[in-house]
Amino acid sequence: MPELTLLLTLAVCYTAIIIAVKFFQKDGLYIYSAISIIACNMQVLKAMEVSWYTHPIPLGTFLYSTTFLASDVITELYGAHAARKSVGLGFMSSIIMLVLMIFALGLKPLNIPYTSEHWHFNIAHEALTAIFLPHASIVISSLTAYVVSQLSDIFIFSKLKNSTHNKRLWLRVIISISVASFIDTTVFSTLAWVVFAPEPVSTKTLIFSYILSAYPIQMLVAILNIPAFYLLLKIVRK
C-alpha cells in the first residue's frame, strides 16, 4: 500500500531527526540534512501513484519536505546562523557527491559479454548513469531552488520566532514552510521547465501542472511536521 509506505518513510525521517538532535545536537542535524538532500535527488527519479491524487508523485517530494523541519529545528535550538551553515553543508555535499560519481561513471563499462559472471558491474553502471547523470538544467534548477527556499524558510522562521517571543511554534512552522515550499516549487519549475527547457511550457501548464500540483503535497508534510516538532522539543528538553 503506497500510503503506508509514505507514512513509514515520514516516521523514519522524524525518528532520525529526533535521534540526531538528541544524541548529536546540531551536528546530527547537519548530517541528516546533507544525507536527505542527496537521497531526495535520487528518489525524485522514482514516482508513485496514490488513490487520493491524480498525478504520479515523485518520492523525493516527501523526503525533501522534512528538510524544512530540520532547518527549523536548528533555527529554534541553535539559531539562524547554524541553520544557514546546514544549508551550505547540504549544498556542498550534493556537489561533491555528484562530481565524484561523474568521475566514476567516466570510466568505460567492462568490455565483457553479457554471459560473463562480472556482467552485473555493467548493469550497475547503467543504473548509476541514470541516477547520477541527470540533465544539467535539472541539477542547476534543483540546487538553486534548494538554497533559495531553505534560506527563505530560515529567515521567516527566525523573524517570527523573535516577533512571537518564542511562542506559537505551530504558526511559525506553517507560515515559514508554506512560503518556502511555494518558493521552492516555483523556482525549480520555472528554471527547469521554462528558463532552461529546450521547449518551454506555457504559463498555464507551469502553474497548474507543475507548481500547484506539487505544492499541496509539501503542505501536507508541513502539517505533519508540527506534531513531530513538538515531540522533538519535549524529548530534548527532558
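What to note about this one:
- With K and R counted +1 and D and E -1, the other residues having a Cβ less than 15 Å from that of residue 65 yield a net charge of -3.
- Legend: distances between Cα atoms for 46/108; 22/234; 26/234; 85/167; 26/85; pairs beyond 19 Å are 46/108; 85/167.
- Relative contact order of the range 2-237, defined on C-alpha pairs under 8 angstrom at six or more residues apart (%): 20
- Binned Cα-Cα distance frequencies in the range 193-238 - 10 Å width, integer %: 23, 28, 20, 16, 11, 2
- Local electrostatic count, residue 149, Cβ distance below 15 Å [Lys/Arg +1, Asp/Glu -1]: -2
- Under 5 Å between amide hydrogens, built in the peptide plane, is the criterion, and for residue 48 it picks out 57, 59 among residues at least 5 positions away or on other chains.
- 15 Å reach of a label modelled at residue 108, 7 Å along Cα-to-Cβ, counting backbone N of the range 115-147: 122
- In units of the compact-protein estimate 2.2 N^0.38 Å, the range 2-237 shows a Cα radius of gyration of 1.09.
- GluC sites (Glu not before Pro), loop per DSSP, at most 11 other Cβ atoms within 10 Å - longest free stretch of the chain: 118-238
- Extension gain for residue 179-residue 230 works out to 16.3 nm (0.36 nm per residue, less the C-alpha to C-alpha distance).
- Taking 0.36 nm per residue of sequence separation and removing the Cα-Cα distance, the residue 51/residue 35 pair yields an extension gain of 2.8 nm.
- Highest-fluctuation residue, 105, 89, 160 considered, GNM on the chain with Cα pairs under 10 Å: 105
- Helical contribution to [θ] at 222 nm, DSSP H n ≥ 4, -39,500 (n - 2.57), averaged over the chain, rounded to 500: -26500 deg cm²/dmol
Computed from the coordinates by the stated procedures, all read-outs in this text should not be read as laboratory data. This one's a predicted model, so the numbers in the text were calculated from it and none came from an experiment. As a convention, Cβ positions derive from the backbone with ideal geometry for all residues, glycine included, and neighbour counts pool all protein chains shown.
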